[in-house]
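First comes the structure, then the notes that go with it.
The values are calculated or read from the model by the stated rules, or taken from the named source; none is laboratory data. Note that the structure is predicted; figures quoted are calculated from it, not measured. Don't worry about glycine lacking a Cβ; one is built from the backbone with ideal geometry, like all the others, and counts go over all protein chains shown.
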Amino acid sequence: MTPPSSPSSSSLSSSSIALISLTKSFAWFDSEHPFYLTVISWFCIVAANKQMVQIKEFRIVMPMSLEEYQIAQMYMVMKMQQQSSTGPEGVEVLENRPFEADVYGKGQFTSKIYRLQSKAPAWLRTFAPADALVMQEEAWNAYPRCKTVIKCPYFTKFCLTIETVHKADNGHSENVHNLSKEQLAARQVEVLDIASTSKDYWSYAIGSSNIEFSKFKSKRTDRGPLLEGWQDRCNPVMTAYKLVTVEAPYWGFGNRVEQALLAGERALFLESHRNCFGWIDEWFLMTMQKLRELELQSDSTLNARIGNGKTTSTETTQDIDRIIHPSKRSPITLSPAPPRHHLSSNSSLSSLVKGI
């Protein structure tokens with residue numbers, strides 16, 4: 001399966017074109033009321049500009065090597081998925097298999113469904129039904145390059161794409177994604193410091209590890225604490241360059257959705273990378289083979305938990321501990337995952353939700 005191409009930042013959405021075309025239907029204003037035509041034209045142009053694709057690049061410097069980060073990221077994703085799946089909401093893994101594509105080469109393809117309705121802002125929940133907040137994610141991990149595409153069956157024009165390049169530097173590479181001049185002009189860049197924390201809505205919704213990296217020191221690697229300016233002094237070091245492209249071409253609320261999603265991704269990137277380093281003593285020296293085995297068990301546990309719909313925080317903690325530290329308990333037998341259901345472009349959301 002080949003990853004889809006990213007949308008162009010210079011193209012207007014269909015709703016934007018419709019808004020511009022709308023001015024033609026008011027041609028009768030031209031002779032008698034030119035002022036109104038001017039106002040309507042200005043309104044349509046502003047609305048059209050609001051519908052352009054949002055592009056933002058997040059750079060996260062990490063105190064580890066490229067090879068270490070690959071293990072850290074896989075471990076972090078597995079553990080955070082377990083923590084966030086506590087009942088009817090959470091993550092269901094539909095596919096997790098190797099892939100090969102012309103652009104990315106060989107890697108691991110995953111398809112997941114996210115049911116995190118309660119984490120959506122109140123203003124979004126007021127007009128969007130709960131089913132509309134079920135998201136589908138497809139990801140191609142061909143480390144050190146990765147691509148993730150997130151869509152919503154309810155809002156068919158919505159698309160969020162995350163393209164990641166990992167480099168052994170401290171965040172000063174300026175165009176690792178080979179963007180065009182137009183894309184570079186539209187791109188915003190923000191450097192995230194894992195030693196910092198945020199207090200916004202999304203940071204609260206996602207949760208915080210509450211690790212003080214100014215005092216943190218790894219027992220197994222002797223790395224830390226992370227003091228001011230640590231990015232320019234640490235060794236080893238690497239950076240995750242995450243290019244987020246989001247398009248929600250819906251007049252009236254699309255721009256607000258885009259900004260909310262960018263804020264949500266920022267909070268998620270910060271917390272997940274804080275966990276990558278904060279959990280270093282858990283994943284350090286873990287092999288790729290061991291991680292793949294843990295992934296299989298984790299996927300099965302997630303799917304069973306979502307299907308059951310009732311899980312306490314204590315049970316979640318026990319599941320995580322059992323998966324990550326099987327030697328502390330009886331040997332684990334990997335059980336097959338429940339039947340998997342795939343999203344298709346012509347599937348109704350109601351039938352999808354009932355099927356999963």
inquiry  = Among the residues of segment 152-159, are any modelled with pLDDT of 85 or more, assigned to a strand (DSSP E or B) and surrounded by fewer than 20 Cβ atoms within 10 Å (Cβ to Cβ)?
reply    = yes
ask   = For segment 89-112, does any single residue satisfy the condition of being within 14 Å of residue 305 (Cβ to Cβ), of a type outside the set (A, V, I, L, M) and at pLDDT below 85?
value = yes
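This table checks each residue for (1) touching a residue at least 12 places away in the same chain (Cβ under 8 Å); (2) under 20 Å from residue 244 (Cα atoms); (3) of a type in the set (Ser, Thr, Tyr).
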site	(1), (2), (3)
165	yes, yes, no
182	yes, yes, no
187	yes, yes, no
191	yes, yes, no
198	yes, yes, yes
202	yes, yes, no
208	yes, no, yes
211	yes, no, no
218	yes, no, yes
ask   = Which members of segment 128-149 meet the condition of being within 14 Å of residue 91 (Cβ to Cβ) and at pLDDT 95 or above?
value = 136, 137, 138, 139, 148
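Residue-by-condition table, conditions (1) in contact (Cβ under 8 Å) with a residue 12 or more places away in the chain; (2) more than 18 Å from residue 265 (Cβ to Cβ); (3) not assigned by TED's automatic domain parsing to the domain that holds residue 254:
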| site | (1), (2), (3) |
| --- | --- |
| 100 | no, yes, no |
| 107 | yes, yes, no |
| 120 | yes, no, no |
| 129 | yes, yes, no |
| 133 | yes, no, no |
| 136 | yes, no, no |
| 139 | yes, no, no |
| 149 | yes, no, no |
query = Can you find even one residue in segment 260-268 that is more than 19 Å from the chain's Cα centre (by Cα), closer than 25 Å to residue 191 by Cα and either part of a helix (DSSP H, G or I) or among the hydroxyl-bearing types (Ser, Thr, Tyr) (or both)?
reply = no
request  = Can you give me the number of residues within segment 131-151 that are small (Gly, Ala, Ser) and crowded, with 19+ Cβ neighbours inside 10 Å?
outcome  = 1
ask   = Listed residues 133, 124; which is of a type outside the set (S, T, N, Q), within 27 Å of residue 197 (Cβ to Cβ) and under 16 Å from the mean Cα position of the chain (by Cα)?
value = 133
